[in-house]
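Enquirer: Supplied in structure tokens, the structure appears directly below.
The values are calculated or read from the model by the stated rules, or taken from the named source; none is laboratory data. What you see is a predicted model, and the numbers here were worked out from it, not measured in a lab. Every residue, glycine as well, gets a Cβ built from its backbone with ideal geometry; the counts of neighbours run over all protein chains shown.
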């Protein structure tokens with residue numbers, strides 16, 4: 001069976017070789033890989049070698065209606081975890097440098113696939129991360145287009161690199177909100193055994209959470225307001241297609257608390273919900289401008305919902 005990666009313009013089989021020339025003298029490659037802790041996506045397989053950990057999705061049928069008969073008819077996505085390395089640059093510089101090594105293109109440069117989406121944040125565990133999602137090799141919707149999901153995290157004085165590869169995000173069955181997205185569940189489960197939870201990170205996240213957050217889709221509007229005294233209010237509504245106005249559908253008030261990686265909301269009627277969360281800033285113009293973003297993820301659902309700060 002020919003998988004997606006074998007028919008793509010790049011192969012992850014060569015990726016680990018880029019990082020084995022100057023291993024960290026203080027820690028072996030195998031011990032470095034042992035620092036990763038994560039939950040394997042449902043149905044995925046895992047294979048570990050001395051130079052990487054590779055997670056491979058089940059085989060999915062190609063959902064792209066633009067696919068030609070000669071294009072691969074199936075998709076196998078991969079997530080590759082590489083050995084941790086000493087940090088020698090700022091995290092942003094290290095991420096851009098490594099992305100260029102892996103994919104042989106500048107992630108910040110515009111191309112036929114457009115500009116990347118870049119997210120910069122701090123996990124509740126205390127490690128800073130850069131997430132780059134970019135289409136390469138073709139335009140959106142084309143069967144030849146590759147979806148690159150690139151994560152770099154700084155853990156103490158080391159950097160960790162995680163690379164996801166799929167088809168075009170529009171049609172992928174692995175990393176697409178339209179057809180199923182395994183990335184949020186993997187990302188929210190990711191931790192590092194050599195990183196201790198940082199109280200200052202939680203305090204900083206609590207401070208960043210305070211304010212008004214707006215999100216939703218073209219037909220639905222959602223809002224959260226978090227107060228310094230740990231009270232919150234939330235509201236939602238549907239958009240009138242004729243007038244464009246939002247018609248309120250619900251409103252809740254209550255208290256909130258941070259519990260490790262979960263945002264716990266307790267409404268005034270004592271109903272309680274807990275969702276995984278991340279707070280960071282996102283750029284759609286190669287880092288020239290940034291928007292504060294709060295994303296919530298319910299493990300029972302397939303995707304996350306993100307809100308912009310206002």
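Enquirer: Counting residues that are outside the structural domain of residue 286 (by TED's automatic domain parsing) and closer than 30 Å to residue 257 by Cα, which strands (runs of 3 or more DSSP E) fully inside region 37-150 reach at least 3?
Expert: In region 37-150, the matching strands (runs of 3 or more DSSP E) lie at 117-122, 128-136.
Enquirer: Could you list all residues from region 238-281 that are modelled with pLDDT under 90 and either touching a strand residue (DSSP E or B) at 6+ places or on another chain (Cβ under 8 Å) or crowded, with 17+ Cβ neighbours inside 10 Å (or both)?
Expert: If the condition is that a residue be modelled with pLDDT under 90 and either touching a strand residue (DSSP E or B) at 6+ places or on another chain (Cβ under 8 Å) or crowded, with 17+ Cβ neighbours inside 10 Å (or both), then 238, 239, 240, 245, 246, 247, 248, 249, 250, 259, 261 are the ones that fit.
Enquirer: Give me the residue from region 84-124 that is within 20 Å of residue 279 (Cβ to Cβ) and in contact with a helix residue (DSSP H, G or I) (Cβ under 7 Å, 6 or more places away or on another chain) and, out of that set, modelled with the lowest pLDDT.
Expert: 124
Enquirer: Taking residue 219, is it modelled with pLDDT of 95 or more, more than 26 Å from residue 188 (Cα to Cα) and either assigned by TED's automatic domain parsing to the domain that holds residue 132 or surrounded by fewer than 17 Cβ atoms within 10 Å (Cβ to Cβ) (or both)?
Expert: no
Enquirer: Any idea how many residues of region 153-180 are assigned to a strand (DSSP E or B), surrounded by fewer than 22 Cβ atoms within 10 Å (Cβ to Cβ) and at pLDDT below 90?
Expert: 1
Enquirer: Going by what's in this entry, would residue 214 be described as surrounded by fewer than 16 Cβ atoms within 10 Å (Cβ to Cβ) and in contact (Cβ under 8 Å) with a residue 24 or more places away in the chain?
Expert: In short, yes.
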